[in-house]
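See structure below.
Computed from the coordinates by the stated procedures, all read-outs in this text should not be read as laboratory data. Bear in mind the structure is a predicted one, so any value in this text is a computation, not a measurement. Cβ placement follows ideal geometry from the backbone for every residue including glycine, while neighbour counts extend to all protein chains displayed.
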Amino acid sequence: MQQNPSSDSIVSLRDVQKSFGSLRVLDGVSFAVERGEVLALIGRSGSGKSTALRCIDRFEKVDGGEIVVCGHRVDRPDVDLRALRQDVGIVFQSYNLFPHLTIEQNITLAPCAVKGLANSQAKDLARKVLAQVGLEEKLHAYPEQLSGGQQQRAAIARSLAMQPKVMLFDEVTSALDPELTAEVLKVIEQLAADGMTMVMVTHEMGFAKGIADRIVFMHRGKVHETGPASILTSPTTPELTQFVGTGNLKS
Amino acid sequence: MGGHLNINHLMFLGQGALWTIGLSVIALIGGGIVGFVIALARISPLKSVRIASAVYVQLIQGTPLLVILFLGYFGLAAIGLKVSPLAAAGASLTLYVAAYLGEIWRGCIQSVPKPQWEAAEGLALSRTQRMLKVILPQAIRIATPPTVGFMVQIVKNTSLASVVGFVELMRSGQIVNNSLFEPFAIYAIIAVIYFAMCYPLSLFSQRLERRMGRGRSNLAPA
């Protein structure tokens, strides 16, 4: 059932273990993401999918197993975090734009501070990534002046400006109403079409089915079922059958 | 001896009031600089630094300022270090203010929502860059009202420096009273002068707090 991570994967997890106190959140999780692939992590709340995603960018330290991301050994204590995070972009459920900076400053901050880009170059870059998410006119707005959907698109643009090799999306539409969700999903679809490697935790089953090359269904800290998007319509395990059958599959 | 309150007495009190302001400024600047270091030390990734700074804060907060002033003046003299009243009072108040401002500012830094740290980390910013460009600008906005409020405490607490012979407002009042024996009138004047120095600060603090309340929404997204 579980796929062996191959060496040329962008992201690979092998037998990853993680506990919070006595609670075992990840219990031998393995999966891999190839270049240009879109992987959707699905499962009930508490199944460990968000924790698995956060382990990839080392927002959580693992207790055991191996994680390799763009050649970085993330499970090792001596991993170069700043190098890892230049290769990995992450977008959060709560957008987390910096409220004291304009959208342009939000975007140019890291390219200037981390990559040493000149201010004028960074500004050109900001315009480019904002055009990608359809927000060119919001260059000089502050985050509070934007709708939730616009804030999330700006957060995606901010990540894109670092030109990551893989993007992580952690329930990025969970705080949005259906209309705003649609505008954010459209941006992610475009990224997928452009060949961006992505790992996303999502509750949007219809979206996962439409965009994901592969689905990983997590259940009680384990990868319970994995396969192409078609497993959502013809699941083989009773747990996934129940999960997609309980109204999670939006058409 | 005796006589009536005249312009010279008032001039003397005015001079004392200037020293009260001077000592407050010294305490605020010295305490602000040391307090900033304390605030950063309290959230240091190094456990030993966190513990050392916490012990410092607990020691100072658990000791009356009067005792700290006595230790600074007579204590140092006892071990052979002769310090002027101004230096003793300035140093003691600096240590005292640093402990309180350090704690206030630590709280403000930590009240910047954790996802802000994570977003900055996810963009590969170094710890210093995260602090300077993302966290501190937000923390300063949160910290301004309580800091201005604490300045009122500093101004009033400088009156204790009179015990080490530093002639600020309180001490100059005592001196004037020693020649006039009109304690009620003189201490009433002193109370009014302290109030005149503190009330504008209180008003300013309240106004900042109200403005903060209005701008709350742009502090942190959900």
In chain A, if the dipole is taken from +1 on Lys/Arg beta carbons and -1 on Asp/Glu beta carbons about the Cα centre, which of A:V184, A:V16, A:A229 is farthest to the positive end?
A:V16
If you take every DSSP beta bridge fully contained in the protein assembly as shown, what fraction is antiparallel? Give it as a percent rounded to 5.
55 percent
Förster radius 51 Å - calculated FRET efficiency between A:R35 and A:E137 (Cβ-Cβ, nearest 0.05)
0.90
Relative contact order [Cα under 8 Å, 6+ residues apart], chain A, whole percent:
26 percent
Rough spin-label spacing in nm, given labels placed 7 Å along Cα→Cβ, for A:A182 and B:V163:
7.3 nm
Loop trypsin sites (Lys or Arg not before Pro), segment B:1-99, which have at most 11 other Cβ atoms in a 10 Å radius of their Cβ (DSSP):
B:K82
Prolate/oblate/rounded call for segment B:7-219, Cα gyration tensor, a/c under 1.5 rounded
oblate
Size of charge dipole - the protein assembly as shown - debye, nearest 20, with Cβ of Lys, Arg +1 and Asp, Glu -1, no other charges
900 debye
In deg cm²/dmol, rounded to 500, what helix-only [θ] at 222 nm does chain A give when every DSSP H run of at least 4 residues adds -39500 (n - 2.57) and the total is split over its residues?
-10000 deg cm²/dmol
Please report the spacing between the Cα centers of segment A:122-154 and segment B:161-215 in Å, no decimals.
51 Å
Peptide B:112-121: average number of partner chain Cβ atoms within 10 Å per residue?
5
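Treat every Asp and Glu Cβ in segment A:88-180 as -1 and every Lys and Arg Cβ as +1, leave all other atoms uncharged, and give the resulting dipole magnitude about the Cα centre to the nearest 20 debye.
Here segment A:88-180 has a charge dipole of around 460 debye.
Efficiency by 1/(1 + (r/R0)^6): what FRET value for B:A77 and B:I33, r their Cβ-Cβ distance, R0 = 25 Å, to the nearest 0.05? Please list the in-between numbers first.
Values: r = 26 Å, r/R0 = 1.03.
Once rounded, the FRET efficiency stands at 0.45.
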Full extension from B:V192 to B:R127: what is 0.36 nm times the residue separation minus their Cα-Cα distance, to one decimal in nm?
18.6 nm
Extending each Cα 7 Å along its Cβ direction at A:R82 and A:Q121, get the distance between those two points in nm, one decimal.
1.7 nm
Theoretical ellipticity at 222 nm over chain B - DSSP helices of four or more residues, -39500 (n - 2.57) apiece, nearest 500:
-24500 deg cm²/dmol
